[in-house]
1. Failed condition for Thr299, given (1) in contact (Cβ under 8 Å) with a residue 40 or more places away in the chain; (2) touching an Asp or Glu at 6+ places or on another chain (Cβ under 9 Å), with all others met?
2. Report whether or not Leu382 is of a type in the set (A, V, I, L, M), open to solvent by 50 Å² or more (accessible area, probe 1.4 Å) and in contact with a helix residue (DSSP H, G or I) (Cβ under 7 Å, 6 or more places away or on another chain).
3. State whether one or more residues within the range 77-95 are modelled with pLDDT of 95 or more, surrounded by 13 or more Cβ atoms within 10 Å (Cβ to Cβ), touching a strand residue (DSSP E or B) at 6+ places or on another chain (Cβ under 9 Å) and in a helix (DSSP H, G or I).
4. Considering only the range 240-259, how many residues are open to solvent by less than 40 Å² (accessible area, probe 1.4 Å) and over 12 Å from Glu209 (Cβ atoms)?
5. I'd like the full set of residues that are touching a helix residue (DSSP H, G or I) at 6+ places or on another chain (Cβ under 7 Å) and closer than 17 Å to Tyr304 by Cβ, limited to the range 71-96.
6. Among the listed residues Met197, Met245, identify the single one that is out of contact with any strand residue (DSSP E or B) (no Cβ under 7 Å at 6 or more places or on another chain) and without any contact (Cβ under 8 Å) to a residue 60 or more places away in the chain.
7. Does the range 322-337 hold any residues that are part of a helix (DSSP H, G or I) and either open to solvent by 70 Å² or more (accessible area, probe 1.4 Å) or over 19 Å from Ala426 (Cα atoms) (or both), and which are they?
8. Tell me the strands (runs of 3 or more DSSP E) entirely within the range 10-57 that contain at least 2 residues that are open to solvent by 50 Å² or more (accessible area, probe 1.4 Å) and touching a strand residue (DSSP E or B) at 6+ places or on another chain (Cβ under 6 Å).
Amino acid sequence: MSERSAAELNEIERLDKDHVLGTWSYQSEVSPTQIVDGDGVRFTDADGNEFIDFSGQLMCSNLGHSASRVSEAIAEQAADVPYVAPNYTTEARARLGEKLAEITPGNLSKTFFSTSGTEAIEAAIKIAKFYTGKDKIVSRYRSYHGATYGSISVTGDPRRLAAEPGMPGAIKAPDPYAYGSTMDPMESLEYIDEMLMLEGDTVAAVLVEPVVGSNGILVPPAEYLPRLKEIAHDHGALLICDEVMAGFGRTGEWFGSDVFGVTPDIMTMAKGLTGAYQPLGATVVTDEIAAHFEDEMLTHGHTYAGHAVACAAGVAAIETYQEENLIERASETGEYLESRLEDLADAHPSVGDTRGVGLFRGIELTKHPEKRVPFGERADKLAKGSTVVDEVAAAAGEHGVYVANMINTLIIAPPLTITEAEIDEAIDALDAALEVSDDAMVA
């Protein structure tokens, strides 16, 4: 699915290019591909080309492309009660709130519903500020939390630069990034501890992805997240865990936080919440935070807060995860995926690192394995043209596998339903595609 000329676009693709603004792109470089069908872990374009979805689209199609229970629930809810104002409720909204209280860790018990991950983060930021009475949010440089005003401000990804100065009080900290970093992951915690001390009693929350997603698939040491929660609480700050990408089985646990045995004060989610069958975000808070708003106004809302059709999809998605044992399956299949990615690393000198957990993994490329020089730089996120990493992803597409890439990492996050045979097929395509980066290495 490489970039195509205008003459190669069909009617639908031309209409889209002429009348729809593409996301995160120079519009002159947009060349949309029409997708006409999806089944299991595969999807098909208008020319009949079939692809294994090795990244779950934007790391969100956790259930694949034919989760009948979810699509049926959507149709039934749309036929019965498609929408009511947020001051009313529906069985779908109430049941989904109950289910989230059941599957989230600890005493996370009450949910504010929105329509996306970025809106879930906006709600979390405001709730943390309302609850603590403080103004600052500490997040990390290798992070992505959304595109709206607050969420892009707490994002470390260079895509935030165009929106700066952004929201006041957004402060960045170092990451638990071992590959090519000058700071040990646990040393970065000492840095955050000192940051909070120097900021005084002004920080409302520390916001992190338990497993960093689009900025590299970074898995911290086991003791990192528990210690980070202690540090935040020692300084009177909350811990917000952004589970938008890592949540709903992606890591082999319900949530990334579960991998480390941590209950955050606030948890955000979207993507896998409905398996991408409907746009839905959620911000879940602990009993203590929920109790605060019994007599303090929650000055936040959306027209579509708790949209009935989206909530019906969420209920059906959770039931699908549970009844098909997809969380446990992701853990088991993830071990097989890990071994196959190690095979790629052994076969290709341009693979500098493979890392991840469950079915949430990354392949970081390098021009020079001994010096760990990346092909893709952070500045490339704002530049025109393509990188070697883009070319590797395009080559995988030519071999029938879709894989997303961000900066210098190929992101492997297939639907949780993927089989070992389908993994093998996708690995074979990546094996061929990585010849592109092997050939581009420096001598």
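The values are calculated or read from the model by the stated rules, or taken from the named source; none is laboratory data. As the structure is a computational prediction, the values presented were derived from the model and not from experiment. Here Cβ is always computed from backbone atoms with ideal geometry, including for glycine, and neighbour counts include all displayed protein chains. Remember, those area values only see protein heavy atoms, side chains included, never the ligands or the DNA or RNA. Shrake-Rupley method; radii C 1.70, N 1.55, O 1.52, S 1.80 Å.
1. Going through (1) in contact (Cβ under 8 Å) with a residue 40 or more places away in the chain; (2) touching an Asp or Glu at 6+ places or on another chain (Cβ under 9 Å) one by one, Thr299 breaks only (2).
2. Answer is yes for this residue.
3. For the range 77-95, residues modelled with pLDDT of 95 or more, surrounded by 13 or more Cβ atoms within 10 Å (Cβ to Cβ), touching a strand residue (DSSP E or B) at 6+ places or on another chain (Cβ under 9 Å) and in a helix (DSSP H, G or I): present.
4. So the answer is 3.
5. Answer for the range 71-96, where residues must be touching a helix residue (DSSP H, G or I) at 6+ places or on another chain (Cβ under 7 Å) and closer than 17 Å to Tyr304 by Cβ: Ile74, Gln77, Ala78, Val81, Pro82, Tyr83, Val84, Thr90, Ala92, Arg93, Leu96.
6. Details: Met245 fails: without any contact (Cβ under 8 Å) to a residue 60 or more places away in the chain.
After applying the criteria, what remains is Met197.
7. Scanning the range 322-337 gives Gln322, Glu323, Leu326, Ile327, Glu328, Arg329, Glu332, Glu335.
8. Working: elements: 35-39, 42-45, 50-53.
Of the strands (runs of 3 or more DSSP E) lying wholly inside the range 10-57, those with at least 2 residues that are open to solvent by 50 Å² or more (accessible area, probe 1.4 Å) and touching a strand residue (DSSP E or B) at 6+ places or on another chain (Cβ under 6 Å) span 35-39.
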